[in-house]
1. Looking at region 58-99, which trypsin sites (Lys or Arg not before Pro) are DSSP coil and have at most 12 other C-beta atoms within 10 Å of their C-beta?
2. Taking the simple approach of a point 7 Å from Cα along Cα-to-Cβ for both Met28 and Arg59, what is their distance in nm?
3. Work out from phi, with θ = phi - 60° and the Karplus expression 6.51 cos²θ - 1.76 cosθ + 1.60, the ³J(HN,Hα) of each residue of region 100-107, listed in order in whole Hz, and give x for Gly and Pro.
4. Which whole-Hz couplings ³J(HN,Hα) result when phi for each residue of region 50-56 is put into the Karplus expression 6.51 cos²θ - 1.76 cosθ + 1.60, θ = phi - 60°, listed in order with x for Gly and Pro?
5. Scan [x] -0.33, -1.20; [y] -0.40, -1.16; [z] -0.28, -1.26 for the value of log10 I(q)/I(0) by the Debye sum over Cα atoms at q = 0.10, 0.20 Å⁻¹ calculated from this model and give just the label.
6. Taking amide hydrogens as modeled 1.01 Å from N in the peptide plane, which residues meet the under 5 Å criterion relative to Leu38, leaving out close sequence neighbours?
7. Starting from the amide H of Glu101, placed 1.01 Å from N in the peptide plane, find each other amide H under 5 Å away whose residue is 5 or more places distant or on another chain.
8. Give me the percent relative contact order of the chain, please, defined on Cα pairs under 8 angstrom at least 6 residues apart.
Amino acid sequence: MRVNCVGAIIFDASDRLLLVKRGHPPGMGLWSLPGGRLEAGETDEAGVRREVLEETGLRVEVGRLAGTVERPGPGGVTYVIRDYLATAAAGAPRAGDDAAEVRWCGPADLARLPLSEGLLDALTEWDVLPRASRNP
């Protein structure tokens with residue numbers, strides 16, 4: 001079974017990437033982009049806005065599609081994840097929903113934190129990381 005998911009790639013004015021620490025499976029304890037499963041009939045843009053608000057408290061403007069990845073899930077599920085560039089429009093980051101923590105991460109954090117498998121490779125391949133973050 002394929003499950004449609006979305007994620008948001010959000011940078012602050014200092015080119016730090018917003019990441020959430022997953023509080024529940026899959027990926028519990030790993031840092032990843034805010035996002036999750038689409039609800040029935042939901043557009044990607046609406047899903048990105050909803051997931052980011054639920055997980056981080058931020059309202060965002062959704063930009064272009066950065067890229068798509070497929071990740072295996074439990075019970076033979078395949079997560080099809082479409083990650084979009086987004087800009088914080090209102091709010092202050094705070095952990096909510098299934099996020100255990102939320103924080104702005106610079107290059108050193110990206111090199112040190114336990115990231116979801118393939119996250120840094122995908123962001124690099126899609127050429128969305130600021131220059132300073134490409135070789136942490």
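1. Arg94
2. Computed distance between label sites Met28 and Arg59 equals 3.4 nm.
3. Couplings: 7, 8, 9, 7, 7, 10, x, x Hz.
4. Karplus values, whole Hz, x for Gly and Pro: 5, 4, 5, 4, 5, 8, 10.
5. Recomputing log10 I(q)/I(0) by the Debye sum over Cα atoms at q = 0.10, 0.20 Å⁻¹ here picks out [z].
6. Asn4, Cys5, Val6
7. When sequence neighbours closer than 5 places are left aside, the close amide H contacts are Lys21.
8. Details: 282 pairs, mean separation 41.8, N = 136.
RCO, the chain: 31 percent.
Every read-out reported here was derived from the displayed coordinates using simple, explicitly stated rules and does not represent laboratory data. Just so we're clear, the structure is a prediction, and the values are computed from it rather than from any experiment. Don't worry about glycine lacking a Cβ; one is built from the backbone with ideal geometry, like all the others, and counts go over all protein chains shown.
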